[in-house]
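Please read the structure below before turning to the comments.
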Amino acid sequence: MPQHDKRIPENARCSTCTGSGWTLWAAPETEEGGSEPPKWIICRECLGTGRTDKKGRKRQKPDDPSDG
């Protein structure tokens, strides 16, 4: 479901995730040269709401870029 109904005003958006509520995290590489694929994690600054005031519902996770 698109989040067009949950638009966040520019001045209220989280600066870390730019209002998405999620950040892309990549695991550090191991000594063997392998690493896990990057994955989406909840933004720790806004607790997944996408807002600086941390009010509202958690936003939906973006599509996984490794799926396509």
With each label point set 7 Å from Cα along the Cα-Cβ vector, what nm distance links residue 39 and residue 52? 3.2 nm
If amide H atoms are built 1.01 Å from N in the plane of the peptide, which residues on other chains or at least 5 residues away come under 5 Å of the amide H of residue 19? 14
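Bear in mind that the values in this text are calculations on the coordinates, not laboratory data. Because the structure is predicted, anything quoted here is derived from the model rather than measured. As a convention, Cβ positions derive from the backbone with ideal geometry for all residues, glycine included, and neighbour counts pool all protein chains shown.
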